[in-house]
Amino acid sequence: MGMIVLVTGGARSGKSSWAEARASQEGAPVTYVATAEALDDEMARRIARHRAERPAEWTTVEAPRDAASAVRAAAPGTVLVDCLTVLASNALLSVESAGEQACIDAVLAEARALRDAALGRDGTTVIVTNEVGMGVHPPTSLGRWYRDALGRANALVAAAADEVELLVSGIPVRIK
C-alpha cells in the first residue's frame, strides 16, 4: 500500500517548495503531476516559473483532470501532485451549471480517485493542497461551494494520509 504525504496551508505559505524538498528526500525518481492549465497570461507565467524551478531529471505529467490516472501510470518512485486545489477547481467548473451538489460530487470524485490511486501504488505520493477554510467567507455561492467541497476533499485525503504537514508562513507544522 502506498504512502500519502498531504501538504496544506494558505496561499504562498511555502507548500510547493516544502513538497518538492520532501519528494526529493525519498531518493527515488520523481513524477510531478501538474494540475494547472495556462488559461491566461499570469497563469502561463506561473507555470513557466514552476517548470524552470523543478529538477531537470523529474518527469512532468500535465493532468488538469483525472490526476488519478497520471498517478496510477507514473513510473516507480515518488509522485508529487501539485495541486488538489486546482484539480478541485477544474472539476467544479466543469459542472458548474449543474448546481451545488454536482459541483461537490465532482470535486469529491476527483479526491477519492486521487486518494485511491496513491494508496494503490508502491511508493510515496506527496499531495499539495490549500487550506481554504481559514480565510474570508466567499461572497458568491460558487465560492462557497468550492470552499466547502475542497474542505471535504482535503479531509478525505488527510484521513488516509500517513503524514500531514501544515505550512504557516513558510514553517512546517506536523499535523499527523
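Things worth noting here:
- The residue pairs whose first member lies in region 154-176 and is in contact (Cβ under 8 Å) with a residue 60 or more places away in the chain and at positive phi, whose second member is hydroxyl-bearing (Ser, Thr, Tyr) and in a loop (DSSP other than H, G, I, E, B), and whose beta carbons are closer than 8 Å, counting only pairs six or more residues apart or on different chains, are SER169/SER13; GLY170/SER13.
- Output for region 11-33, where each listed residue is modelled with pLDDT of 90 or more, within 19 Å of GLY135 (Cβ to Cβ) and over 13 Å from the mean Cα position of the chain (by Cα): none
- Selected residue (criterion: farthest from VAL7 (Cα to Cα)) from residues of region 73-108 that are among the small types (Gly, Ala, Ser) and under 14 Å from the mean Cα position of the chain (by Cα): ALA91
- Look at region 2-31: where a residue is at positive phi and a partner is assigned to a helix (DSSP H, G or I), sitting 6+ places away or on another chain with Cβ atoms under 6 Å, you get GLY9/LYS15.
- Residue in region 97-113 that is within 23 Å of SER16 (Cβ to Cβ) and either touching a residue at least 60 places away in the same chain (Cβ under 8 Å) or of a type in the set (S, T, N, Q) (or both) present: no
- Tally of residues being surrounded by fewer than 14 Cβ atoms within 10 Å (Cβ to Cβ) and either basic (Lys, Arg) or without any contact (Cβ under 8 Å) to a residue 60 or more places away in the chain (or both) across region 116-141: 6
The values are calculated or read from the model by the stated rules, or taken from the named source; none is laboratory data. Predicted model, so just to flag it, every value in this text is computed and none were measured. Note: ideal-geometry Cβ built from the backbone for every residue, glycine included; neighbour counts use all protein chains shown.
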